[in-house]
Amino acid sequence: MHLARVHAAMQLEGVEPVQGALADLFACFDAAAVSLKRAALQLAAPRLGERMARSFEAWVAAPVLPCITPLANRWSMFARPSADISTRSRRCSADDSRAIARQALAAFQAQDTDGQELFLQHCLSCQDRLAFMLLRRELLRRNLGFPAGWGAVERALQRQAACP
């Protein structure tokens, strides 16, 4: 059933569903299930990215993944995300950050000041430096300029990043 769930997660968009299903599989099987864990990781690895795949690789021949782990996410049903992940990761996924940045780009292109303000508020409240950086890069590439309040949000995010 766990391997079927990984297969089903591969049909969904983004990394998060696959990572969550894989974390659950690794949290339910120990070193005796090396072949199952390896097969699941081989299936999921292209979606996970190199760093995350290496993190799971370390658990293939290991005992069960702890129930509280940074490898789990909101798509995990058995494993739970640990508190030592970033605030942004707890509040929104990297997939969410990319989608929010795309939506914000549309707001910037349409000169939708309400949409721009919502984006900046999201970045502050979720400490979403990823979405902010993605949109910043795209605005610079397209020479669209930055709205009022952009600098204050950028400084606040830098301060948040500097605090442990």
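How many angstrom lie between the Cα centre of the range 1-27 and the Cα centre of the range 117-161?
Cα centres, the range 1-27 to the range 117-161: 31 Å.
Of the peptides 54-63, 137-146, 94-103, how do they stack up when ordered by the mean number of other Cβ atoms within 10 Å, highest first?
In descending order of packing, they fall as 94-103, 54-63, 137-146.
Run lengths n ≥ 4 of DSSP H only: what is the helix-derived mean residue ellipticity at 222 nm for the chain, with -39500 (n - 2.57) per run over all residues, to the nearest 500?
It comes out at -20000 deg cm²/dmol, rounded to the nearest 500.
Can you give me the distance in nm between label points at LEU140 and SER82, each placed 7 Å from the Cα along the Cα-to-Cβ direction?
Taking the two extended label points, one gets 3.3 nm.
Using the basic label-point model (7 angstrom from Cα toward the beta carbon), what is the ARG54 to GLN158 distance in nanometres?
Each label point lies 7 Å from its Cα, and together they span 2.9 nm.
Between ILE68 and GLU13, what length in nm is gained on full extension when 0.36 nm per residue of separation is reduced by their alpha carbon distance?
Using 0.36 nm per residue and subtracting the Cα-Cα distance, I get 17.3 nm.
Mind checking the angle between helix 150-162 and the chain's longest principal axis? C-alpha axes, 0 to 90 degrees, to the nearest 10.
Rounded to the nearest ten degrees, it is 40.
Over the chain, what is the mean sequence separation of C-alpha contacts under 8 Å (at least six apart), divided by residue count, expressed as relative contact order in percent?
Across the chain, relative contact order equals 18 percent.
Of the peptides 28-35, 120-127, 2-9, how do they stack up when ordered by the mean number of other Cβ atoms within 10 Å, highest first?
Packing order, densest peptide first, comes out as 120-127, 2-9, 28-35.
How do the peptides 14-24, 43-53 rank, highest first, by the average count of neighbouring beta carbon atoms within 10 Å per residue? Don't jump to the answer; show the numbers that get you there.
Numbers: 14-24: 24.0, 43-53: 15.0.
So the peptides 14-24, 43-53, ranked by packing, come out 14-24, 43-53.
Relative to the longest principal axis of the chain, what angle (0 to 90°, nearest 10) does the C-alpha long axis of helix 113-126 take?
40 degrees
Obtain the nm distance between the two label points defined at ASP95 and LEU118 by a simple spin-label model: each point lies 7 Å from its Cα along the Cα-to-C-beta direction.
2.1 nm
Could you list which residues have their amide H under 5 Å from that of THR69, counting only those 5 or more apart in sequence or on another chain, with H placed in the peptide plane?
For THR69, the qualifying residues are ARG80, SER82.
None of the figures in this text is laboratory data; all of them are computed from the coordinates on show. Remember, predicted model here, so these are calculated numbers, not experimental data. Here Cβ is always computed from backbone atoms with ideal geometry, including for glycine, and neighbour counts include all displayed protein chains.
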